[in-house]
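Working notes for the structure below.
FYI, it's all coordinate maths here, none of it is from the lab. These figures come from a predicted structure and were not determined experimentally. Using ideal geometry, Cβ is built from the backbone for each residue, glycine included, and neighbour counts are taken over all protein chains shown.
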Amino acid sequence: MVVKWIASVSLAAIAAQGVAVIAQEAPVETVAAVPEFRADEGAEQRAEFRTLDEDVQDLKKQVLDLNRDLFLLEEELLFPSNTQTAVFVSMDVGEFFGLDSVELKIDDKDVANYLYTEREADALLKGGVQRLFIGNLKAGEHELVAVFTGQGPHTRDYRRAASLVFEKGIGPKYIELTISDREVTQQPEFLVKEWE
Amino acid sequence: MAARLPIVAAVAFALPAVDAVAARGDDDGIVVQDLAYGEVLFEFFQEDYFAALTRLLAAQQRGELEHHGAEAELMLGGLYLSYGEHRLAGEIFERVLAQSVDPALNDRAWYFLAKIWHQRGYLPEAEAALGRIIGELPEELEPERQMLHAQVLMEQGRFADALTALEAWRRPSDAWVGYAKYNIGVSLVRLGQVEAGARVLDEVGQLDPENPDLGALRDKANVALGYAWLQASRPVEAKPSLQRVRLNGPFSNKALLGVGWSDAEGADYRAALAPWLALRERNLLDSAVQESLLAVPYAYAQLGADKQAADHYVDAIEAFSSEIVRLTSSIESIEQGELITELLGEREDAGTEASGWYWRLERIPDSVESRYLYELLATNRFQEGLKNYRDLKQVNRNLSRWAESLGAFDDILDTRQRAYEQRLPTIDASLSSVDLDAMAARRVELESRLQAIERSEDVVALGTAKEQELWGMLEAMEPHLAGASAEQQEKHRFLRGLLLWDLRRDYKARLWAEHKALGDLDRQLREAQRRHHQVSSSRDDWPEKFTALTARIEGLRPRVLGLQESAQLALNRQQEFLQDIAVEELKAQRDRLNTYMVQARFALASIYDRAGARVDPQPQASLSGSGE
């Protein structure tokens, strides 16, 4: 009978979707973002998805390892350890300073001029360390000058410089520029630290 | 978004040492002790998991994570998870968490892994991961965990287990009660316990009508309940719940269809027509609306209104035919590969967007194909497949860039080799012009002279040139003093005594200064030796280094090319998979319409047969004008 037949088609569809839609409407955002496998999907299709997914994972792992090896090779080629010099930027708290940009000079030459996106500044605030510059310097004495611009206390435009005279030896040289808060003066503080 | 960062943040940062990062407002926030770890964090906080992983793997290889070894390993697990490498993540969690003394960390890590495994359809793995959770998760995650557990069981067809799990969940918070009960109700119906299931679904279907957030859940429960009764051939019970469904909600079409069937089952075709006629005005893409095209003439025919029935059957056949043509054309365009490009649009080439687990298609483009595939596109298997496709696209772009860079690496290496060759003669000349051995011998000689002076307290030896000249003159006069006057002798004695006094007075300071000068000389000599050695070993090492670097580039080239080929193949397979499931879905829709069409034609033919068989045709009954 047609009625029965059609009704059973509808029922099958409803029954199949019943479970499927549960989590899509759950009141928590994390779950709402996740669609569910429908209970009616075939085991064959699931197996095919799984085979493909496993192959993709293998491939991505190989690509990651390749990227690691290429990253290391690239650095060794471009910045041999005896001349390698890198300058890093980090932030400690950052209550009194919102970072907009950093200009970096080494031996009076501009080597980096970096404008920060909100995402990058945020990543620094959370504890990330940015490699602002990597280059080659001969052994001997050098001077670094970094100029920071941003929003100082009371959202006023703020521009401050920090400098360092450093000795480049035969190994790689790492210098960290840290923006930190000085509670006593309610002012930002710009520190330069040499890493061995 | 609240759910954006949880995996790595919750997993990696649950470690006590890194925990503070999440709450950076604290005065004693994390101290990055290895710059490389800070770099990884910088990429991670920007949600660039690929870059973070590459940096982390390189740092591990170079041993740059001396102070953050444990966090880094867990971070690696979290990053793998975020990048869709869930098997590797599982292996790391297995290894690292076994040694962890923090059960909360263990539980969270396994929960997130279970969540991904469920999403990707690895149901037994998801169940096993959930089984490794020892205690209770934090308040915001615990209900999700319970629901996930039930879902994983239900999707494996284990409704009885799902029911047991949900019933054992003693303290579901208010917001989750409805969802848990809905799942229980569906499980019971599926187990054939319609009465029990219906009671639970009925409760959900009548949940707080004042709360609009629960509207969709109520509707869904009412539809499920109504159809459960219809399936059990109890149309009278079906109707009230179906009538509770909101008329403008997403479940209204199915509810209208069901209300019609409950009336039709009770042979009240006139009543059935009302919801069905309302339904046939709605969007034909909906399967309930399609069915109404068949249901309306069926009701007319049952009421004896054959002409109206025939007209509606003809309309239905026409509508089904056009829809079948459109579906066929959509199937063709999908088979030509247009769907994926359309879905990803310009974003297909957007390299800056985050990859991996968090990404999903947020806006489905309004095309003919996507309208038919709306439900399919929202399913996990399609979304996860699309994610893999997109990751493979990124992998392809990454590999193309490296393929180009390898050429540049060759050039850099050649340039360095040429510079070396050009500088070699100068280097050799300057190396050979410096006789470090002779310098060292001279230094030894100086030291022994100083020792001799010290031993004999030779104060004159440390005098100034003038003093030494004067001393020499006085010494030269000595043999001739016998013939000199007493006054001259006295003068000589006085001057000698005066000079000796000065020399003795300054001797200690001069001796100290000489020792210091010798020390300085030592240092300078050592520095000269060190630099000489450095230049000399750089000169000697370079050919070997050059060979090694050349070999590394040559070794990497086939890896890049091989992976490019594999990535392209995987991309094609992934595309085919997505196209296949889309085409399968459209074909199922087309098959359903074909079946409807056959039904409509068959019914139409029956009406014509009936009409033709009438010897003395009577005026046709008409619902609208018959006054029945």
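Observations on the structure shown:
- Listed residue pairs exceeding 24 Å between alpha carbons, taken from B:Lys393/B:Lys587; B:Lys115/B:Lys387; A:Lys109/A:Lys168; A:Lys173/B:Lys545; A:Lys105/A:Lys168; B:Lys254/B:Lys387: B:Lys393/B:Lys587; B:Lys254/B:Lys387
- Label-point separation, A:Tyr114 to B:Gln61 (7 Å along Cα→Cβ), nm: 2.3
- A simple rule links phi to the HN-Hα coupling: the Karplus curve 6.51 cos²θ - 1.76 cosθ + 1.60 with θ = phi - 60°, which for the stretch B:389-400 gives 4, 5, 4, 5, 4, 5, 4, 4, 5, 4, 5, 4 Hz, with x for Gly and Pro.
- Taking one quarter of the surface of the C-alpha convex hull of the stretch B:180-242 gives a mean projected area of 3.7 nm².
- Chain B: angle of helix B:215-231 to the longest principal axis, Cα-based, in degrees nearest 10: 50
- Remark on A:Phe88: its backbone amide H falls under 5 Å from those of A:Leu132, A:Ile175, A:Glu176, A:Leu177, a criterion applied only to residues 5 or more positions apart or on other chains, H modelled at 1.01 Å from N.
- Chain B, Rg to Rh (Cα coordinates; Rh as Kirkwood inverse mean 1/r): 1.34
- The phi torsions of the stretch B:518-531, fed into the Karplus equation with coefficients 6.51, -1.76 and 1.60 and a -60° offset, translate into couplings of 5, x, 4, 4, 4, 4, 4, 5, 5, 4, 4, 5, 5, 5 Hz, rounded to whole numbers, with Gly and Pro shown as x.
- Spatial offset of the stretch B:276-308 relative to the stretch B:382-427 amounts to 64 Å, using the alpha carbon center of each.
- For the stretch B:89-161, the C-alpha radius of gyration divided by 2.2 N^0.38 Å, with N the number of residues, is 1.07.
- Computed extension gain for B:Ala613 through B:Arg443, at 0.36 nm per residue and net of the alpha carbon distance, reaches 47.9 nm.
- Ranked for footprinting exposure by Cβ neighbours inside 10 Å, fewest first, B:Met147, B:Met75, B:Met473 give B:Met473, B:Met147, B:Met75.
- The label-point distance for B:His515 and A:Glu167, in a model that sets each label 7 Å from Cα toward Cβ, rounds to 2.4 nm.
- On Cα atoms only, tilt of B:49-62 relative to the major axis of chain B in degrees: 40
- Given charges at Cβ of Lys, Arg, Asp, Glu: chain B dipole, positive-most of B:Ala228, B:His515, B:Pro558: B:Ala228
- Exposure proxy order (Cβ contacts within 10 Å, fewest to most) of B:Ser241, B:Ser287, B:Ser448, A:Ser163: B:Ser448, A:Ser163, B:Ser287, B:Ser241
- Normalised convex hull volume, the protein assembly as shown, alpha-carbon set, Å³ per residue: 226
- In Hz, Karplus ³J(HN,Hα) per residue of the stretch B:544-559 (6.51, -1.76, 1.60; θ = phi - 60°; x = Gly, Pro): 5, 4, 4, 4, 5, 5, 4, 5, 5, 4, 5, x, 7, 4, x, 5
- Rg(Cα) / (2.2 N^0.38 Å) computed for the stretch A:52-96, rounded to two decimals: 1.89
- Over all other residues within a Cβ to Cβ distance under 11 Å of B:Trp229, the charged ones net out to -2, with Lys and Arg as +1 and Asp and Glu as -1.
- The label point for B:Gln534 and the one for B:Glu210, both projected 7 Å from the Cα toward the Cβ, are 8.0 nm apart.
- Where only alpha carbons of the stretch A:81-195 are counted, the Rg and the Dmax (Å): 14.2, 45
- Residues A:Ser180, B:Ser321, B:Ser82, arranged from fewest to most other Cβ atoms within 10 angstrom of their Cβ, appear as B:Ser321, A:Ser180, B:Ser82.
- To the nearest ten degrees, helix B:269-279 and the longest principal axis of the Cα atoms of chain B are 30 degrees apart.
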